[in-house]
Amino acid sequence: MSTELNHAATPAPAATIPQLNRTVRPLPKAPVRIVHLGLGAFHRSHQAWYTQQAPDAADWGIAAFTGRRPDAAVALAEQDGLYTLVERADNGDSFTVVGSIVEALDGADVARLARLVAAPATAVVTLTITEAAYGLGADGKLDTTAPGVAADLVRLASGDAPATPLGRLVLALGARRDAGSGPLAVVCCDNLSNNGAVAREAVAGFAGALDAGLAAWIAKEVSFVSTSVDRITPRTTGEDIAGVQAASGYGDSSPVIAEPFSSWVLSGDFPAGRPRWEDAGALFVEDIEPYENRKLWLLNGAHSLLAYAGQLRGHSTVAEALADPVCLQAVEAFWDEAEANLSGTEATADLQIPAYRAALLARFGNARIAHNLAQIALDGSTKLRMRAVPVLQAERAAGRSGAAAAAMIAAWMDFTAASASFQDPLADAVDAANLLTGTERIRGLVALVDPIVAGDDSVVRLIESLLGSFDKPASTSTEAPDPLRKDLQ
Ligand code: CS2
């Protein structure tokens, strides 16, 4: 069903360029059997693409709801859900029109969400709602006092429309129970370790606070599938939109840019069926933990390290930061620590760590993918909990220092102190901790990432000793001002 466009096509004059839709590109419209929450670029470069590549794609349409960007649903709906996936290799682009999203909807339309999830044909709900959206505290439990969660619990209890993705999902699962439509699978596609269990915990925490009967129904009927998802998907730029138009001869307001590489590892039951994603390249495994650790530690861990160290050193993209020997050395040191703790599992042989590391260097070095460090730097307190802390703890448990993992946490601290615009679910608490001084400041910041680590004095001292590791060499007066500096914003 996917179609290569003619790269060399001459762009048609602006006035005559048709807008991409199912009339100019007559792709079949499959019936909705998958509901997605979090209609962003990653869902479209990954799960929607795998669904289109599956041999039974004609049976599996996706109804996708936006989270924070209702305009994205409007733009996509104007194109009948179609968009161009630009696979950007270091030697050129290839273009595929993806048609698996058959409804693009505003996440605030909870009535439609509830109807679709309650429909007997719906078998799968996929989620890309960001790591921070699961609302779990550092103890791994749903924090029902967090402002968004608490407000949604009040709304749900009083019959008002919930505003968080989890609140909306719980409402929709309640509608499915009431309709008697039977079991289904919730497939978490966010970068969290043990993400199926995290989603289950978050949904159970929400439902349990509202309605014990619903919580019991969810525990019995809803399967929470764990996944490890991978495809580097930078933000689309105006230049990308113009490039798609020039190559395809039609207007597409919503193309997605991604690297050619993609991977999807899944583990869990699908009680109401699923597309044959395995025939599109997905891997179904019994034990997902080694795969998710490999991905979260080696890829995402290096990403976060580059995001903070790289920006402190004046870089803007992953490829630029990786070309800086100081950043590269820090990444290699972190990978050595991570790798030491990825061995010893049954699946080790399949993990092929040296090849994986080499492939990551090539993927990160693809300078045609402008993957902004600022995009990766978001939500650091949540991300470091998954990306740095497990490696640090494993290294300490093995009697080693974990200095490279600690350096990632130190770089995040330096970044939060230097940047006026960092975004984090705990931003207020981070700002408050940054007002403290010396070891108290370090302990306060570490506690926001992981309270157990914060209780270990020797780790706190180690992190403190690593502050400033990524300071730029002293600048001369002729250099451009440092964009991170607060006093210049
Ligand atoms: C990145 C990920 O923004 C981030 O935190 O590390 O989005 C990363 O690009 C993807 O997980 C790649 O699969």
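The values are calculated or read from the model by the stated rules, or taken from the named source; none is laboratory data. Nothing here was measured: the structure is a model prediction, and the numbers come from that model. A quick note on method: Cβ atoms are made from the backbone with ideal geometry, for glycine too, and the neighbour counts reach across all protein chains shown.
Anything in region 364-373 that is surrounded by fewer than 19 Cβ atoms within 10 Å (Cβ to Cβ) and within 10 Å of the ligand (Cβ to nearest atom)? List them, or say none.
Of everything in region 364-373, just one residue is surrounded by fewer than 19 Cβ atoms within 10 Å (Cβ to Cβ) and within 10 Å of the ligand (Cβ to nearest atom), namely 372.
Among the residues of region 104-124, which ones are closer than 18 Å to residue 68 by Cα and either buried (at least 18 other Cβ atoms within 10 Å of the Cβ) or among the charged types (D, E, K, R) (or both)?
Of everything in region 104-124, those that are closer than 18 Å to residue 68 by Cα and either buried (at least 18 other Cβ atoms within 10 Å of the Cβ) or among the charged types (D, E, K, R) (or both) turn out to be 104, 105, 106, 107, 109, 110, 112, 113.
Quick one: residue 323 ticks every box in (1) within 22 Å of residue 267 (Cα to Cα); (2) in contact with a helix residue (DSSP H, G or I) (Cβ under 8 Å, 6 or more places away or on another chain) except a single one, so which number is it?
It is condition (1) that residue 323 fails.
Restricting to region 168-186, name every residue that is small (Gly, Ala, Ser) and assigned to a helix (DSSP H, G or I).
172, 174, 175, 179 - these are the residues of region 168-186 that are small (Gly, Ala, Ser) and assigned to a helix (DSSP H, G or I).
Within the set of pairs 6+ apart or on separate chains, which have a first residue in region 134-152 that is under 22 Å from residue 189 (Cβ atoms), a second that is surrounded by 15 or more Cβ atoms within 10 Å (Cβ to Cβ) and of a type in the set (Phe, Trp, Tyr), and C-beta atoms under 9 Å apart?
135/206; 142/134; 142/206; 149/206; 152/206
Out of all the residues in region 31-40, which are within 26 Å of residue 234 (Cβ to Cβ) and crowded, with 21+ Cβ neighbours inside 10 Å?
Once the filter is applied, which keeps residues that are within 26 Å of residue 234 (Cβ to Cβ) and crowded, with 21+ Cβ neighbours inside 10 Å, region 31-40 yields 34, 36, 37, 38, 39.
Would you mind listing the helices (runs of 4 or more DSSP H) fully within region 347-457 where at least 1 residues are free of Cβ contacts under 8 Å to residues at least 24 places away in the same chain and under 20 Å from residue 190 (Cβ atoms)?
Passing ranges, in order: 427-434.
Taking interchain pairs and intrachain pairs at least six residues apart, which have beta carbon atoms under 6 angstrom, with the first residue in region 227-241 and of a type in the set (Lys, Arg) and the second in a loop (DSSP other than H, G, I, E, B) and within 14 Å of the ligand (Cβ to nearest atom)?
Final answer for the pair search is 231/46; 231/262.
Right, residue 260: of a type outside the set (Phe, Trp, Tyr) and farther than 30 Å from residue 182 by Cα or not?
yes
Can you name the number of the only condition in (1) modelled with pLDDT of 95 or more; (2) in a loop (DSSP other than H, G, I, E, B); (3) surrounded by fewer than 21 Cβ atoms within 10 Å (Cβ to Cβ) that residue 140 fails?
Residue 140 satisfies all of (1) modelled with pLDDT of 95 or more; (2) in a loop (DSSP other than H, G, I, E, B); (3) surrounded by fewer than 21 Cβ atoms within 10 Å (Cβ to Cβ) except (1).
Consider residue 171 carefully, then state whether it is buried (at least 22 other Cβ atoms within 10 Å of the Cβ), at pLDDT 95 or above, in contact with a helix residue (DSSP H, G or I) (Cβ under 8 Å, 6 or more places away or on another chain) and closer than 14 Å to residue 211 by Cβ.
yes
Hey, any hits in region 385-394 for a residue that's within 15 Å of the ligand (Cβ to nearest atom), modelled with pLDDT under 95, charged (D, E, K, R) and out of contact with any strand residue (DSSP E or B) (no Cβ under 7 Å at 6 or more places or on another chain)?
Yes, region 385-394 has at least one match.
Residue check: is residue 97 farther than 27 Å from residue 381 by Cβ and among the β-branched types (Val, Ile, Thr)?
So residue 97 passes the test.
Filter region 430-446 for residues that are farther than 14 Å from residue 417 by Cα and surrounded by 19 or more Cβ atoms within 10 Å (Cβ to Cβ) and give the result.
443
Report, by residue number, each residue of region 261-315 that is more than 16 Å from the ligand (Cβ to nearest atom) and either without any contact (Cβ under 8 Å) to a residue 12 or more places away in the chain or part of a helix (DSSP H, G or I) (or both).
Correct list: 277, 278, 279, 280, 289, 290, 312.
Could you please let me know if residue 24 is of a type in the set (A, V, I, L, M), part of a loop (DSSP other than H, G, I, E, B) and farther than 30 Å from residue 271 by Cβ?
For residue 24, the condition - of a type in the set (A, V, I, L, M), part of a loop (DSSP other than H, G, I, E, B) and farther than 30 Å from residue 271 by Cβ - is met.
If you go through region 181-193 one residue at a time, how many are out of contact with any strand residue (DSSP E or B) (no Cβ under 6 Å at 6 or more places or on another chain) and either without any contact (Cβ under 8 Å) to a residue 24 or more places away in the chain or within 27 Å of residue 293 (Cβ to Cβ) (or both)?
Adding up the residues that qualify gives 4.
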